[in-house]
Amino acid sequence: MQKKIIFFKNIGLIDWIIISDKMNLFTEKRDNFTFDEIWFAEHYPIFTTGLLKKDNSIKFKNNFINNIPVVTSNRGGQITYHGPGQQMLYFLIDLKRRKINIRQFIDIMHILIIDTLNYFSIKSKIKKKAPGVYVNDKKICSFGLRIKKGCTLHGLSLNVDMDLNPFNYIHPCGDMYIKMTQIKEFSSFLTLKDIRVILIKKLSQLLNVRIVKKLYFY
C-alpha cells in the first residue's frame with residue numbers, strides 16, 4: 001500500500017525554517033510503514049545555501065543580503081533565493097522502497113518540469129552537468145536534494161510569478177553567468193494553482209501512484 005499512494009499537502013506561504021525543521025523531523029521519525037509525501041509551499045523572502053557552498057564573492061552582513069536573511073540548508077547545491085510566487089516542491093520519498101536511485105529520481109524531476117511547462121506551451125531544456133530546467137538559456141527551475149536513510153529531502157523550486165530581483169544579489173547555484181526567468185514571462189495568466197494541478201497529474205504518472213491530498217500539516 002505504501003508504494004501505491006503518495007500524500008501531498010498544499011501548505012501555502014510559510015517560513016522556510018518551519019518547513020526545514022518539519023521535513024528533517026519527518027525523515028528522522030519515518031520507518032518502513034511511513035507513506036511518502038510531497039509538500040507544495042511558498043516562502044517568505046530568504047536565501048538558502050547548500051552543502052556545496054563556495055561562492056566567496058557574495059558578502060553576508062550579519063547573515064543578511066540586502067535585508068533578506070541567509071540560512072544554511074543541508075541540501076545539495078549552492079546558494080539560491082526563495083520568495084512568494086515561487087512553487088516549492090519538497091519530496092519526502094523512500095527511494096529504496098521504490099527501487100529508484102538518485103540519478104533516476106533527478107531524471108524524473110527533470111521530466112516533471114519539462115512536461116509541465118510543455119503542457120502550457122513553454123519549451124524548456126536541461127543542460128549537462130547543470131541540474132535544473134532552462135527556458136531560452138535562462139533558469140526557471142532549480143534542484144537541491146539530500147538523501148538520508150535512503151529517502152529524499154528538499155526538492156525543487158519553480159519560478160512562477162515572483163520578484164526575480166533578489167537573484168541579482170547572488171550568483172544563483174554558484175554560477176555568475178546564470179540568469180533567471182519565470183513562467184509569468186511566457187504566460188502571464190497562469191497561477192500557482194494552475195501549475196500545481198498539472199504537477200500533481202504528471203507526478204502520478206511518472207511515479208505510477210495515486211496522489212492523495214492530506215488535510216493537515218505536522
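The values are calculated or read from the model by the stated rules, or taken from the named source; none is laboratory data. Note that the structure is predicted; figures quoted are calculated from it, not measured. Backbone-built Cβ (ideal geometry, glycine too); neighbour counts: all protein chains shown.
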Scan region 75-121 residue by residue and report those that are assigned to a loop (DSSP other than H, G, I, E, B), under 13 Å from the mean Cα position of the chain (by Cα) and of a type in the set (S, T, N, Q). none
So if I check each of I14, I6, I102, which one is without any contact (Cβ under 8 Å) to a residue 60 or more places away in the chain, under 17 Å from Y218 (Cα atoms) and among the aliphatic types (A, V, I, L, M)? I14
Restricting to region 119-157, and then to whatever is under 22 Å from S20 (Cβ atoms) and surrounded by fewer than 18 Cβ atoms within 10 Å (Cβ to Cβ), can you tell me which residue is modelled with the lowest pLDDT? K149
With the condition kept exactly as written, say whether any residue in region 44-61 is surrounded by fewer than 15 Cβ atoms within 10 Å (Cβ to Cβ), in contact with a Phe, Trp or Tyr (Cβ under 7 Å, 6 or more places away or on another chain) and not in a strand (DSSP E or B). no
For region 65-99: of the residues being over 28 Å from F217 (Cβ atoms) and of a type outside the set (V, I, T), which is modelled with the lowest pLDDT? Q78
Tell me which residues, restricted to region 167-205, are among the aliphatic types (A, V, I, L, M) and more than 26 Å from I93 (Cβ to Cβ). I170, M176, I178, M180, L190
